[in-house]
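Step one of this worksheet: look at the structure below.
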Amino acid sequence: MTDVPMPGLERLLTACEKYPVRASNRKPWSGAPTAGVPVLGRPLDPMLAAFYSRLGGLHLYLELFVEPCDEQVNGILMANEHAQRYWPEPFRSLLIFGCKEASSYTYATVPGLADAQGFQPVVEVDPYEDIYALPIASNVDRFFDTYARYLELVYETLGVGEERGAWPSFPWEVPELIATDRALMGMLVDGRFDFLMFQEGVDAQRTREEIREWIARLRAANT
């Protein structure tokens, strides 16, 4: 899997070096899972496998945390075991690989929506109250690319890198970044993610309206 091109990951690592981002990673592990190997019955995405062949995990302080996978900790397995116990379907069918640090917001791939190459789109899962997921990238490397551009936005365009409280919320407040992913937008327009976005629940109507407004912003940014 080391030959899978991952320009988005390279862009993210470059951004971590360029800006004052407290970032750390782990060494790659020869025993890391490979593409297609089942993780609790769900096939591991090829790009995620490529990530683990190069890094044992990635941690951006107070922001992005990609689960470690090395000789000491199999974070991706532990995270998914937890979800299997507490999440309802269809969310149990997702494959968690990371999170927003110090929160329950989780990043996961959607094995059921894999393309012809086996690459899986990425969603952010909000398990608070009424669980739902927002589509944020057409594949894992595109997710890393979008997050790199998010760092570029806060440090260069907005100039608020040192003011954490002024950072726009990812992904809700950066639709212009998400909308550049044409493949993702095509899937969104086709309704491929509806089963993850529009769930029933106590506050489901309010949540559905917020999601519809967000989708409208994505479409506006995509024109």
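The values are calculated or read from the model by the stated rules, or taken from the named source; none is laboratory data. A quick note: this is a predicted structure, and the numbers were derived from the prediction, not measured. Because the Cβ atoms are built from the backbone with ideal geometry, glycine has one as well, and the counts that use them run over all protein chains shown. When the accessible area is computed, the model is the full protein with side chains, heavy atoms only, and any ligands, DNA or RNA have been set aside. Shrake-Rupley method; radii C 1.70, N 1.55, O 1.52, S 1.80 Å.
Things worth noting here:
- FRET efficiency for GLN205 and ARG85, using Cβ-Cβ distance with R0 set to 35 Å, rounded to 0.05: 0.80
- Where the chain is the region considered: accessible area per residue in Å², 1.4 Å probe: 46
- Per-residue [θ]222 nm for the chain (sum of -39500 (n - 2.57) over DSSP H runs n ≥ 4, rounded to 500): -10500 deg cm²/dmol
- Principal axes of the stretch 1-93: Cα extent on each, largest first, Å: 40, 30, 26
- Largest to smallest in accessible area, the residues SER30, SER138 fall in the order SER30, SER138 (1.4 Å probe, all protein chains included).
- Counting 0.36 nm for each residue step from ALA166 to GLU213 and taking away their Cα separation leaves a gain of 14.7 nm.
- Of all accessible heavy-atom area on the stretch 100-223, the percent that carbon and sulfur account for (1.4 Å): 48
- Taking θ as phi - 60° and the Karplus parameters 6.51, -1.76 and 1.60, the scalar couplings of the stretch 106-118 work out to 10, 9, 8, 8, 10, x, x, 10, 4, 7, 4, 8, x Hz in sequence order, x denoting glycine and proline.
- Placing unit charges on the Cβ atoms of the charged side chains and taking the dipole of the stretch 1-55 about its Cα centre, the candidate lying farthest along the positive direction among VAL39, CYS16, VAL4 is CYS16.
- In this calculation the C-beta distance from GLN72 to SER104 is compared with R0 = 25 Å, giving a FRET efficiency of 0.55.
- Label-to-label distance, nm, for residues given as GLN117 and ARG182 (7 Å Cα→Cβ offset): 1.5
- Accessible surface of ARG92 - all protein chains present, 1.4 Å probe, nearest 10 Å²: 90
- Diffusion constant of the chain at 25 °C, which comes from Stokes-Einstein with the Kirkwood Cα-pair radius and 0.890 mPa s, µm²/s: 138
- FRET E, pair THR223, PHE198, Förster distance 25 Å, beta-carbon r, rounded to 0.05: 0.60
- Between TYR132 and ASP126, the built amide H atoms are under 5 Å apart, and every one of these is 5 or more places off in sequence or on another chain.
- Prolate/oblate/rounded call for the stretch 149-209, Cα gyration tensor, a/c under 1.5 rounded: oblate
- Dimensionless Rg/Rh of the stretch 89-158 - Kirkwood Rh, Rg from C-alpha atoms: 1.02
- Summed side-chain charge close to GLU176 - residues other than GLU176 whose Cβ falls under 13 Å, Lys, Arg +1, Asp, Glu -1: 0
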